[in-house]
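The values are calculated or read from the model by the stated rules, or taken from the named source; none is laboratory data. Model, not experiment: these values are computed from the prediction. Virtual Cβ from ideal backbone geometry, glycine too; neighbours counted across all protein chains shown. Accessible surface is based on the protein model in full, side chains and every heavy atom, while ligands, DNA and RNA are left aside. Shrake-Rupley method; radii C 1.70, N 1.55, O 1.52, S 1.80 Å.
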Amino acid sequence: MSFASRLTRTPIPHEPERATEAEDRFSAQPPEIRALLAGTAGCSPYLWGLMTREAEWMDAALAGDPDDAFAALLDAVRALPLDALKTGLRQTKRRAALLIALADLGGVWPLERVTGALTDFADLCVDTALRRLVAAEIGRGKLPGLTEDDAATAGGMVALAMGKQGAHELNYSSDIDLIVLFDQDRFAEADFHEARSVFVKVTRRMSQLLSEMTGEGYVFRTDLRLRPDASVTPVCLSMEAAERYYESLGRTWERAAHIKARPCAGDIEAGWAYLDRLRPFVWRKHLDFAAIQDAHDMRLKIRSHKGLHGALTLEGHDMKLGQGGIREIEFFTQTRQIIAGGRDPDLRVRGTVEGLARLADKGWVPQDVADTLSADYRAHREVEHRLQMVNDAQTHALPGNADGIARIARFCGADDVALWRADLTERLERVDGLTEGFFQPGKGGAAEADVADLPENAEEIVERWPDYPCLRSARAREIFKRLKPDLLGRLTKAPRPVEAFAAFDGFLRGLPAGVQLFSLFEANPQLIDLIIDITSVSPELAQYLSRNAGVLDAVIGGDFFRDWPGRPALEQALAERLAAIDDYERKLDTARAWAKEWHFRVGVHFLRGLIDAGEAGREYADLAEAALAALWPHVVAHFAGKHGDPPGKGAVVLGMGSLGAGLLTARSDLDLIVIYDADGVESSDGRRPLAARAYYARLTQALVTALTAQMPEGKLYEVDMRLRPSGNQGPVATALQSFRNYQSDEAWTWEHLALTRARPVAGDSTLGVEVEAFRQDLLRDKADIARTLTGVVDMRRRLAEAKPAKSAWDGKQGPGRGQDIELIASAAALIAASPATAVADQLEAGVAAGWLCAEEARTLCESYALLRKVQGAAKLISDGPLDPPDLGEGGLTFLLRGTGAADAGALEDLLARARGAAAEVIETVIARGPVEEKDAD
């Protein structure tokens, strides 16, 4: 499409004489083009000068498609040889500046196309200059070991575009901020200093080539001061030196700057690899709310340095750095990206408007706020461009008088200057209100709480806090001082304030550092109530939380309180996360961090009554199974890297016990069996081959290590493999045929009972189907009532001797308790030859088989449900023996919820009746044979 056909607006001339001269000069142009040129000339002496100097080229460009004209300019830059760069780049820059300005002023291109064209042109100028200069040095033999072929990648030299250039958001008269680096690995150690010296010289020559003002103008003012420690480092650094600096000394503003960093010239691939290595510095793995204060401090320093404090007045107002300006929106966006981008890669975008859109999509910014700030940002940038187009000045300040502001208003196409001023003032105030509320929430808020209002003994507790490790740093104390009034108020208003203060004190005492967590509380005060709930119910969970405060990130991640996603979705989520990581140990640690967050989520939902004990048990089991299924392929792949692929058909992991039944507690370990089928293959085929039996034994040990090893994120699960054939005396992995032979001919009845709760949870799915088919055949073959009951009696006797009940509150061990009911349910499944693994389903199978009466099964189910409620709650509160007097009111209330008991005494009576009823049923069914069908009702 032609330029004229795409025009949507024109500036209004501020200086009529020059506008008239422009109309006369370009009278051959179509009327709409003539109006654009007249309006532009009447507002911008700089653009009027470009029009007259490049008139012939402009006439040709305006007669065609502006996109084609711009593409031709880029081609012209690419064709420039080194000796023509100085003049050629300047001539092409004049033409690009004129074309882009007219496309902007005429509404031919939207803002993003305008800033994108400015950026693309800058990128190409830097890239062309860099490559030509490096090629010349290679040609002179100054870069050791490099040949002409290395010129295409600038010999490993790369320029990172920072700031607006990195985000494809350059303004009209912007300078460009570059960090120039070189890949030291391209050179031998002995050649390092010689290469660095050449690259430093190239960088200086490139900067001069672009920045120097000549009779032809300049290309781009180039700023190299964003590099590490710019006052003492050379203008071109090795990537290794830069990485060391950021790892040890990098500051928050440098992290923010790197959000927009992008390789724009030279060895682009090496530049992206460098930024990928720098990712842990820029994007922290935990939510980083401390960045809010850092960004706010930076804002205040900039304002103070520029003298920008005071009431908002349009005359002289800085559209970039002033109140409600462009930088406010950028800081608002970047700071939120820094907070959450470490956990969510979707937020790692460079553009401001795109960043706001992503933040809104993920729930970090309300949609209406994102829409408002995006629209205001675009409008602010348009004003900024008009300011710079007047005289090609790198300025952001509105004129200091009314006449100058009227020029800018007309340059923006406004015929009502008063209305334009009012709209701009409203926009600045709106941006200021939205951003200031984020950086200074509760400004002018509550004063220090009155100590006299604190509950009994709380004053003594509060006085201890300054001595705790989490409050050692000045910054932590500063944040906590702002947080303290709200914190004390919430603790005082808790249902049991004395207990709340004591419990929170224990949490605070165990916290090793405070800056990040206090910043998190300050930005999300609702988390304080959650901490009070947790500390009041479970001191052990609070202690865990104080050592693993990063799990709180999940609470404000957007979907913490949504419905449970289910095992398949969990497995897929972890699998995707692990697939993105190359290092094996990082995979293991990532799995731990991921599982911790979901484990914490289940606990919080249970604690707050969003789910009951049964749902919590199923969710804990889903989580364990998902972790096993997602981690297993990576354990196998890592092991196979040394010893070759698994010989034969592979292996399957069976979940036994509570995992097989799909019902875990907060502290359950995992009962596992590994079965493999070498299918006649004697050994693996790898760098260090192993015989099949040794291969699968060591692979199983690798799985156990992957689950139980203590790493920075702790352990994943404890593992118990004693249910395998021959127990601790047998191999840790069992061949399928050996498993069949053992279970068919040698296994004890208790081992068949254990198999009633076996279920494939990870590994080869085809082998899993085969093992499950054998399990069901075995249950049918061993479905003998007399033999089963003999085994049950023997097992109950052995359990009573080895693991007697610890107290009246022990819900697991002892007659009529959880383990006893599970044993009878397993017997029912074996007698009925049922594939069911859950207790309720197994008891139902016993009724269907005629061994249990429906009323007996109902009694056992109800007793088991009550015992599981108490056990599930007790395990969330503490791993020690349950003793209600030691729980505190919060813990006791949680324990009683859902049981129907009003107090601890009533619950103790309820449990005694349930145990007695269950024990009576168990003794009865053991003592008799199958009941008649008519009795089952």
*Going by the structure shown, is Arg53 among the charged types (D, E, K, R), in contact (Cβ under 8 Å) with a residue 60 or more places away in the chain and in contact with a Lys or Arg (Cβ under 9 Å, 6 or more places away or on another chain)?*
no
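Restricting to the range 221-257, name every residue that is among the aromatic types (Phe, Trp, Tyr), at pLDDT 90 or above and open to solvent by 10 Å² or more (accessible area, probe 1.4 Å).
Our first condition is that a residue be among the aromatic types (Phe, Trp, Tyr); within the range 221-257, this holds for 245-246, 253.
After this cut, where a residue has to be at pLDDT 90 or above as well, the list is 245-246.
If the condition is that a residue be among the aromatic types (Phe, Trp, Tyr), at pLDDT 90 or above and open to solvent by 10 Å² or more (accessible area, probe 1.4 Å), then Tyr245 is the only one that fits.
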*Quickly run through the range 153-179 and pick out the residues that are more than 28 Å from the chain's Cα centre (by Cα) and either part of a loop (DSSP other than H, G, I, E, B) or without any contact (Cβ under 8 Å) to a residue 12 or more places away in the chain (or both).*
Leu170, Asn171, Tyr172, Ser173, Ser174, Asp175
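Given the options Asp841, Asp909, Asp820, name the one that is open to solvent by 10 Å² or more (accessible area, probe 1.4 Å), closer than 30 Å to Asp777 by Cα, part of a helix (DSSP H, G or I) and without any contact (Cβ under 8 Å) to a residue 60 or more places away in the chain.
Asp841
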*For Glu269, are the conditions met, namely being part of a helix (DSSP H, G or I), of a type in the set (Asp, Glu) and either closer than 25 Å to Arg140 by Cα or at pLDDT 95 or above (or both)?*
yes
*Count of the range 761-783 residues which are in contact (Cβ under 8 Å) with a residue 40 or more places away in the chain and either touching a Pro at 6+ places or on another chain (Cβ under 7 Å) or open to solvent by less than 80 Å² (accessible area, probe 1.4 Å) (or both)*: 14
*Of all residues making up the range 727-756, the number that are of a type outside the set (A, V, I, L, M), within 43 Å of the chain's Cα centre (by Cα) and either open to solvent by 30 Å² or more (accessible area, probe 1.4 Å) or at positive phi (or both)*: 3
*Out of the range 411-426, which residues are in a helix (DSSP H, G or I) and closer than 16 Å to Arg381 by Cα?*
Phe411, Trp420, Arg421, Asp423, Leu424, Thr425, Glu426
*So which residues in the range 600-612 are in a helix (DSSP H, G or I) and open to solvent by 20 Å² or more (accessible area, probe 1.4 Å)?*
none
*Do any helices (runs of 4 or more DSSP H) lying entirely in the range 1-109 carry at least 1 residues that are touching a strand residue (DSSP E or B) at 6+ places or on another chain (Cβ under 9 Å), and which ones are they?*
85-105
*Scan the range 198-219 for residues that are in a loop (DSSP other than H, G, I, E, B) and more than 42 Å from the chain's Cα centre (by Cα) and jot them down.*
Glu212, Met213, Gly215, Glu216, Tyr218
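Every residue, every condition in (1) among the hydroxyl-bearing types (Ser, Thr, Tyr); (2) in contact with a Ser or Thr (Cβ under 6 Å, 6 or more places away or on another chain); (3) part of a helix (DSSP H, G or I); (4) farther than 30 Å from Gly872 by Cβ, yes or no:
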residue: Glu597; (1), (2), (3), (4): no, no, yes, no
residue: Ala637; (1), (2), (3), (4): no, no, yes, yes
residue: Lys642; (1), (2), (3), (4): no, no, yes, yes
residue: Ala651; (1), (2), (3), (4): no, no, no, yes
residue: Gly655; (1), (2), (3), (4): no, no, no, no
residue: Leu663; (1), (2), (3), (4): no, no, no, no
residue: Asp671; (1), (2), (3), (4): no, no, no, no
residue: Val674; (1), (2), (3), (4): no, yes, no, no
residue: Arg693; (1), (2), (3), (4): no, no, yes, yes
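Just one of Glu625, Glu615, Glu585, Glu597 is surrounded by fewer than 22 Cβ atoms within 10 Å (Cβ to Cβ), touching a residue at least 60 places away in the same chain (Cβ under 8 Å) and of a type in the set (Asp, Glu); which is it?
On inspection, the qualifying residue turns out to be Glu585.
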*Go through Leu699, Leu664 for me and flag whichever is of a type in the set (A, V, I, L, M), in contact (Cβ under 8 Å) with a residue 60 or more places away in the chain and surrounded by 20 or more Cβ atoms within 10 Å (Cβ to Cβ).*
Leu699
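Looking for whichever is of a type outside the set (D, E, K, R) and open to solvent by 10 Å² or more (accessible area, probe 1.4 Å) here; the options are Ala96, Ala38, Ala60. Which one fits?
Within the list Ala96, Ala38, Ala60, the selection yields Ala60.
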*Does Lys260 satisfy the criteria of being at pLDDT below 95, open to solvent by less than 80 Å² (accessible area, probe 1.4 Å) and not aliphatic (A, V, I, L, M)?*
yes
*When residues of the range 508-539 are filtered for being closer than 21 Å to Leu882 by Cα and under 27 Å from the mean Cα position of the chain (by Cα), how many remain?*
3
_Residues located in the range 1-15, provided they are open to solvent by 80 Å² or more (accessible area, probe 1.4 Å) and not charged (D, E, K, R)_ = Met1, Thr8
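This table checks each residue for (1) modelled with pLDDT of 95 or more; (2) more than 28 Å from the chain's Cα centre (by Cα); (3) not small (Gly, Ala, Ser).
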{"residue": "Ala624", "(1), (2), (3)": "yes, no, no"}
{"residue": "Leu628", "(1), (2), (3)": "yes, no, yes"}
{"residue": "Pro633", "(1), (2), (3)": "yes, no, yes"}
{"residue": "Gly644", "(1), (2), (3)": "no, yes, no"}
{"residue": "Ala651", "(1), (2), (3)": "yes, yes, no"}
{"residue": "Asp679", "(1), (2), (3)": "no, yes, yes"}
{"residue": "Asp685", "(1), (2), (3)": "no, yes, yes"}
*asked:* Against the condition farther than 15 Å from Pro646 by Cβ and free of Cβ contacts under 8 Å to residues at least 12 places away in the same chain, how does Gln743 come out, does it pass?
replied: no
_Considering only residues that are farther than 15 Å from Gly816 by Cα and not aliphatic (A, V, I, L, M), which ones fall in the range 784-797?_
Asp784, Arg787, Thr788, Thr790, Gly791, Asp794
